[in-house]
Amino acid sequence: MNLTRIGFIGLGAMGFPMAQNLVKSGFELHVTAHRNRTPVEELKKAGAIEESQVAEIVANCQILISILPADREMESVLLSDDVLNRLTPDHILIEMTSGSPEMMKRVNVIYRERGVRVLDAPVSGGTIGAKRGTLTVMAGGEAEILEVCRPCLDVMAENIYLVGTVGAGKAIKAINQMLAGIHMLASAEAVALAEKLEIDKEILKQVIGKSSGASWMLLNKADTLINRDFAPGFKLSLMKKDIQIAVNEGAEIELPLASFALQNFADSETENGELDFSAVAKKVLS
Ligand code: NDP
């Protein structure tokens, strides 16, 4: 069956361009405003249908997509009585938030009780990947459900990996974010030292890029760090939330670098939480 009616919840830095790509590709998109009306107005111009509330989105869609900030919003939105009362066994949930594996599994159990099929599908690739439709999806769930969802995922993503059962997507995303946070701190120190030693920034990227110290983060975020351009992007508060998930998941093992990274992002959050996560580098890039 061709599923063309999509409900989209979470029209932020990621969700808005993802939703734009869906509506441009011909999907019937149902949206509603939370606080900021701008993305809804823009999507309506492209053909999306505005609903009065999230429950109406659910009532009018076949596939419900959510990409919300964190567990708290997953719980308050996806597990609200209004939403749960509108779910039917015909619905599929594609849950794309970088939340915890526990919250994802909890949503799955409650949705399954109502016959709803669930795909855990967090993403990587940033706002540029969201705009270009080149995200990486880390899917947790059943292969048949992924296949049903694939036509709409293909519009948003270039790489789609089935990584395990529901919750495994959120788990591998947390591992990725743990690495990304650590690599950001390491990249900031590399740039700080290069500036102190008067190494040309293009030479730094070119030579390290072909050497054993290279990382995606240094190669892609060096300019941000050098220019002290901390406009988001991916908010520092969200990165702190992601590393916290990894540290919580690893509570019974030693994760000294992740714990150190978490402390740095937490220390920076009050002042820089709404800036790009690279703003954690302010401490070393004086
Ligand atoms: P944003 O803060 O930009 O967007 C969050 C969106 O959720 C906003 O549209 C907000 O609406 C909406 N929202 C918040 N609470 C509710 C609610 N109760 N009901 C309905 N809508 C709500 O976050 P991002 O888009 O950057 O991130 C979303 C998720 O994707 C996060 O889990 C993040 O970690 C992950 N992610 C982000 C990446 C990035 O580069 N930004 C990359 C990969 C993953 P409003 O603004 O109106 O309040």
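No value in this document is a laboratory result; all are computed from the given coordinates. Note that the structure is a prediction, hence the values are computed from the model and not measured. Please note: Cβ atoms are built from the backbone with ideal geometry, for glycine as well, and neighbour counts cover all protein chains shown.
Observations on the structure shown:
- Sorted by Cβ density within 10 Å, fewest first, the residues Asp276, Asp229, Asp200: Asp200, Asp229, Asp276
- Ranked Thr134, Thr224, criterion: other C-beta atoms within 10 Å, fewest first: Thr134, Thr224
- Fluctuation leader among Lys196, Lys24, Lys45 - the chain, Gaussian network, Cα springs under 10 angstrom: Lys196
- Gaussian network model of the chain, springs between alpha carbon atoms under 10 Å - residue of Gly213, Gly233, Gly12 with greatest fluctuation: Gly213
- For the pair the range 111-190 / the range 14-69, the C-alpha centres are spaced 20 Å from each other.
- Theoretical gain in end-to-end length, Ser259 to Leu3 [0.36 nm per residue, Cα-Cα removed]: 87.9 nm
- Sorted by Cβ neighbour density within 10 Å, fewest at the top, the residues Ser187, Ser237, Ser259: Ser259, Ser237, Ser187
- Basic side chains Lys and Arg get +1 at the Cβ, acidic Asp and Glu get -1 at the Cβ, and with that the dipole of the chain about its Cα centre reaches some 420 debye.
- Charge dipole (Cα centre; +1 on Lys/Arg Cβ, -1 on Asp/Glu Cβ; no other charges) of the range 126-245 amounts to roughly 280 debye.
- In the elastic network of the chain, a GNM with C-alpha springs shorter than 10 Å, the most mobile of Arg106, Arg35, Arg150 is Arg35.
- Here the extension length gained between Ala214 and Lys44 equals 56.9 nm, from 0.36 nm per residue of separation less the Cα-Cα distance.
- In this Cβ point-charge picture (+1 for Lys and Arg, -1 for Asp and Glu), the range 13-95 has a dipole of about 340 debye about its Cα centre.
- Only lysines eight or more places from Lys205 in sequence, or on another chain, were considered; those with a Cα closer than 21 Å are Lys196, Lys221, Lys282.
- Taken along its three principal axes, the alpha carbon spread of the chain comes to 62, 46, 34 Å, from the longest extent down to the shortest.
- Two-site FRET efficiency, Asn227 against Gln53, from Cβ-Cβ distance with R₀ of 51 Å, rounded to 0.05: 0.75
- Residue-averaged 222 nm ellipticity for the chain, from DSSP H runs of 4+ at -39500 (n - 2.57), nearest 500: -15500 deg cm²/dmol
- Extension reserve of the Asn85-Lys283 stretch, reckoned as 0.36 nm per residue once the Cα distance is removed: 66.4 nm
- Among Ala231, Gly273, Leu255 - extreme Cα towards positive end, dipole of the range 220-286, charges at beta-carbon: Ala231
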